[in-house]
């Protein structure tokens with residue numbers, strides 16, 4: 001194998017794939033990246049057995065071939081090479097080494113045989129559709145914060161992506177919940193997604209996709225089957241296993257008849273919650289919302305340090321109500337509001353509260369109160 | 001004052017001070033006599049810490065009337081056949097015990113030789129012999145010692161409490177009983193239930209039975225058989241797996257040709273062999289038996305014979321280290337936790353679960369006076385305000401099972417990984433039980449062994465010092481250190497002698513970073529003076545390697561995929577000593593199916 005590639009390109013690709021590789025591994029080859037040279041292109045592949053990222057870049061291929069080298073070390077070498085350098089990769093199968101040359105630098109890395117490199121064996125994908133990068137980004141951004149990290153309910157450790165609604169109002173919906181709050185975002189159902197199975201995309205995959213589409217403008221190709229999902233983002237292909245579990249019937253917890261409507265200015269509300277919660281302790285982060293006509297009083301009492309109160313002018317016309325929330329959860333949800341105002345629909349101090357964006361449709365949040 | 005020849009009674013009392021130091025030494029001498037007499041059963045009775053009464057009865061050969069009269073004379077013995085101190089096959093040989101005891105106590109010996117028509121009895125009180133009278137005894141010898149040290153009140157005053165003396169006696173009998181599993185022992189008196197150690201079968205099995213009886217069941221289950229032989233010196237015995245440790249070195253026993261000895265040799269050798277498995281302040285439990293030609297060992301160092309000298313001490317030490325290391329490496333994956341029932345007792349049958357809304361304040365367990373105000377809201381200072389939650393289903397572990405994994409893994413020693421719990425422990429199924437592995441500890445050991453192998457293969461890189469460190473030490477130490485210069489260089493420390501009273505350190509191990517060479521060398525010198533080994537340097541290097549291993553291994557909290565878990569288990573099977581992490585904690589525990597069945601009352 002012999003291939004020449006531009007340093008900046010190689011660095012960018014490696015920065016994408018090497019992140020998948022864990023620093024410490026019980027299986028040595030999982031610390032490696034697969035390097036494959038084909039006609040006029042070089043592909044790099046890394047995996048952690050649940051998630052696999054492949055990136056293809058333009059290269060000048062002398063002789064084709066493939067091998068695997070330690071991912072983090074390879075990345076560090078390329079990173080430290082001077083900008084604008086042409087990098088020559090040359091594999092010597094007999095000595096099982098890969099030589100990296102750039103200018104007057106020369107590195108020789110130990111390789112492991114490519115045959116041992118695990119393959120996710122994606123199999124047949126049953127559904128394929130595409131989404132605008134901005135839409136996928138919104139779906140992830142609006143729901144990711146609610147993903148549970150609790151391993152005992154492993155089926156909550158991801159975003160539940162599925163088709164919802166019917167006929168004309170059919171949507172592609174992402175839902176995440178950790179049992180305390182729930183986030184849901186609807187997008188118009190793209191062509192090809194009709195009848196797709198509901199799938200749970202693991203947290204790590206969500207994070208990687210989010211990073212990869214950060215500066216992408218193009219359409220993102222999505223293929224999926226019962227057990228796997230694949231994202232094609234430009235030259236990068238990310239394939240991941242899905243969480244094999246049943247997402248709970250989340251529809252039951254979304255309140256339908258909350259009649260007390262509160263409209264708050266997003267910025268004012270966020271800032272006020274942030275201010276009063278300064279007083280709260282690590283143990284209890286409860287903030288009390290006291291509602292009366294046109295007025296919201298936020299208060300925090302911490303028996304160890306003191307108390308804080310702040311009054312906000314709001315749109316509220318129902319009966320007075322006192323309700324408590326975890327301040328961190330309130331801030332998390334406030335951060336999701338894209339428009340200027342948030343609409344909170346409440347019932348009583350012990351029931352779930354519905355939060356929506358007044359100006360932007362498609363997203364809804366549910367938050368469970370705290371007993372204060 | 002004119003020079004006088006001291007009367008014999010005084011001479012005897014002076015001499016007695018050396019042999020008979022405390023009641024325990026009387027017991028030791030008498031039991032050793034019984035063993036030398038070929039007894040199959042020895043009964044020991046003591047009272048008042050041995051000060052009031054000591055009785056030792058055996059079923060050995062006994063003595064004829066003529067021998068009995070001689071036996072209580074100084075330097076009279078039946079044990080030194082050809083007056084050759086180089087060939088000693090018995091525990092005693094000096095002929096001092098009985099006269100010494102007779103000089104300071106009231107001694108009564110009743111004995112019967114098989115050829116005599118009946119037994120004979122003789123008493124000695126404060127050195128004065130009585131006439132020999134006929135007595136009744138079927139076989140063997142009964143020695144009774146009363147009012148020990150009554151003739152030397154000064155010594156009596158310096159004895160410890162009855163309890164302490166009784167404990168010392170107990171230790172003496174335990175040691176002798178460990179040395180001779182083929183003899184049955186009982187130890188009675190002191191208001192305690194008598195301890196009985198029945199005669200065990202000869203051979204290793206019997207020896208282990210006896211050791212287990214004395215050192216406890218946890219030793220028996222953790223014991224690893226060790227053995228090494230070279231140049232007609234045999235070291236054999238049992239060493240506990242590193243999971244069984246003590247806070248002091250008292251659990252280390254050495255026997256040379258059947259004689260219990262206390263020797264620095266064994267302490268040093270055991271430390272060296274276990275250095276890789278145990279933290280510095282923990283000590284292993286071992287019982288080692290050295291068998292050698294009597295000519296190779298001098299037991300005549302100390303009147304009480306608790307010390308011996310070997311003609312070739314280096315060989316014996318090397319053999320002990322070798323035997324222990326070999327045994328530990330062979331049984332390295334063993335842990336004590338699987339067999340001593342600790343795991344089992346940690347499991348408890350479920351008691352009927354309490355309803356979720358159970359409140360102790362409303363239960364009968366609540367303090368009566370406190371009840372009235374307990375009904376109110378909980379104090380906010382302690383209770384976190386309750387976060388309510390949706391119903392999102394019951395907790396369940398991710399028990400996906402990958403059908404692609406080969407099924408025969410279950411037959412491997414560490415079985416097939418089934419799941420990971422708390423992102424820290426791997427649960428694996430074996431043919432006859434289940435295993436729980438601490439993933440970090442296990443991987444740490446594997447990485448550490450790899451680093452160690454690399455260190456041994458490639459040596460330690462040396463950092464040359466800009467200004468050599470000159471360290472002043474005494475001449476003997478300098479010589480000792482420079483003698484080992486080549487060995488030290490292998491570990492990255494280059495030294496040379498710098499005049500008669502100093503050494504120059506020119507290079508230090510780069511692995512240790514900026515190290516205080518003077519402190520290291522002094523530490524090394526002190527250790528070498530005491531133990532004649534370079535352990536402190538190795539220990540420091542290995543400590544660095546251990547830290548590197550800790551950082552380089554998968555942490556607790558990392559989710560492992562089934563393939564990764566199985567890879568770790570296979571690697572553990574292939575790695576020596578993978579039963580313990582570098583700090584001596586077990587890396588896995590095993591629960592046998594039989595134990596599980598016991599828990600559920602199926603057996």
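FYI, it's all coordinate maths here, none of it is from the lab. The structure presented is a predicted model; accordingly, all values stated were derived computationally and were not measured. Positions of Cβ are backbone-derived with ideal geometry, glycine not excepted, and every protein chain shown enters the neighbour counts.
Which semi-axes, in whole Å and largest first, does the equivalent ellipsoid of chain A have when worked out from the alpha carbon gyration tensor as the square roots of 5 times its eigenvalues?
Values: eigenvalues 468, 107, 62 Å².
The three semi-axes for chain A are 48, 23, 18 Å.
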Note to self: Tell me the relative contact order for the range B:1-96 as a rounded percent, counting alpha carbon contacts under 8 Å between residues six or more apart.
What the structure shows: 24 percent
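Please state, as a whole number in µm²/s, the translational diffusion coefficient that the Stokes-Einstein equation yields for the range A:59-210 at 20 °C and 1.002 mPa s, with Rh defined as the Kirkwood radius across alpha carbon pairs. Write out the running numbers ahead of the final one.
Details: Rh = 19.4 Å.
My calculation gives 110 µm²/s for D.
Tell me the Kirkwood hydrodynamic radius of the range B:492-590 in angstroms, computed as one over the mean inverse distance between distinct C-alpha pairs.
Mean inverse Cα-Cα distance, inverted, gives 16.8 Å.
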Item checked: Kirkwood hydrodynamic radius of the range B:204-334, from inverse mean 1/r over distinct Cα pairs, in Å -> 14.8 Å
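How many Å³ per residue does the convex hull of the Cα positions in the range A:260-367 occupy?
On the way: hull volume 9.7 nm³, N = 108.
Spread over its residues, the Cα hull of the range A:260-367 gives 90 Å³ apiece.
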Note to self: Tell me the relative contact order for chain B as a rounded percent, counting alpha carbon contacts under 8 Å between residues six or more apart.
What the structure shows: 11 percent
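Test of understanding: ordering B:550, B:581 by Cβ neighbours within 10 Å, fewest first, what list do you get?
On the way: B:550 18, B:581 25.
Placing the least packed residue first, the sequence is B:550, B:581.
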Next item on the list: Quantify how strongly other chains surround peptide A:23-32 by giving the mean number of their Cβ atoms within 10 Å of each of its Cβ atoms.
Entry: 6
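Can you give the convex hull volume per residue for the Cα atoms of the range A:190-278, as a whole number of Å³?
Working: hull volume 19.5 nm³, N = 89.
Taking the convex hull of the Cα positions in the range A:190-278, it is 219 Å³ per residue.
If you wrap a convex hull around the alpha carbons of the range B:405-602, what volume per residue comes out, as a whole number of Å³? Intermediate results must be reported in sequence, preceding the final value.
Numbers: hull volume 28.7 nm³, N = 198.
In the range B:405-602, the Cα hull volume divided by residue count equals 145 Å³.
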Check: Mean shadow of the protein assembly as shown, computed from the convex hull of its alpha carbons, in nm²?
Finding: 61.0 nm²
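How do B:559, B:183, B:14 line up, fewest other C-beta atoms within 10 Å first? Walk me through the numbers before you get to the answer.
Working: B:559 17, B:183 24, B:14 13.
Least crowded to most crowded, the residues run B:14, B:559, B:183.
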Notebook entry, point to check: Once you treat every alpha carbon in the range A:44-95 as an equal point and sum by Debye, what is log10 I(q)/I(0) at q = 0.12, 0.25 Å⁻¹?
Noted result: -0.35, -1.36
Check: Percent of alpha carbon pairs in chain B separated by more than 38 Å?
Finding: 52 percent
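What is the fewest-to-most order of A:177, A:246 by other Cβ atoms lying within 10 Å of their Cβ? Kindly include the intermediate steps, with their values, before the conclusion.
Values: A:177 24, A:246 11.
Fewest-to-most ranking of A:177, A:246: A:246, A:177.
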Check: How many angstrom separate the Cα center of the range B:469-548 from the Cα center of the range B:53-127?
Finding: 54 Å
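Using the Cα atoms of the range A:103-160 to build a convex hull, what is its mean projected area in square nanometres? Don't skip to the answer; put the middle values down first.
On the way: hull surface 38.3 nm².
Mean projected area of the Cα convex hull: 9.6 nm².
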Item checked: Per-selection Rg to Rh, the range B:492-539 - Cα, Kirkwood hydrodynamic radius -> 0.95
Check: Helix B:439-458 sits at what angle to the longest principal axis of chain B, using alpha carbons and giving 0 to 90 degrees rounded to 10?
Finding: 70 degrees
Item checked: Interatomic Cα distance distribution for the range A:127-252, bins of 5 angstrom, percent -> 2, 11, 23, 26, 22, 11, 4, 0, 0
Checklist line | Coordinate range along principal axes, alpha carbons of the range B:8-197, Å, largest first | finding: 42, 40, 38
Notebook entry, point to check: So what is log10(I(q)/I(0)) for the range A:2-116 at q = 0.17 1/Å, when the Debye sum runs over its Cα atoms only?
Noted result: -0.75
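Counting only helical runs of four or more DSSP H residues, what would the 222 nm mean residue ellipticity of the protein assembly as shown come to if each run contributes -39,500 (n - 2.57) and the total is spread over all its residues? Provide the component values of the computation, followed by the final result.
Details: 25 runs with 271 residues, N = 975.
Value at 222 nm, helices only: -8500 deg cm²/dmol.
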Next item on the list: Any chance you could give the angle, 0 to 90 degrees and rounded to 10, that helix A:7-17 forms with the longest Cα principal axis of chain A?
Entry: 50 degrees
Next item on the list: Output the relative contact order of the range A:185-332, whole-number percent, from Cα pairs under 8 angstrom with separation of 6+ residues.
Entry: 17 percent
Notebook entry, point to check: Angle between the Cα long axis of helix B:204-215 and the longest principal axis of chain B, 0 to 90 degrees, nearest 10?
Noted result: 90 degrees
Next item on the list: Run through the DSSP bridge list for the protein assembly as shown and note the antiparallel percent, rounded to the nearest 5.
Entry: 95 percent
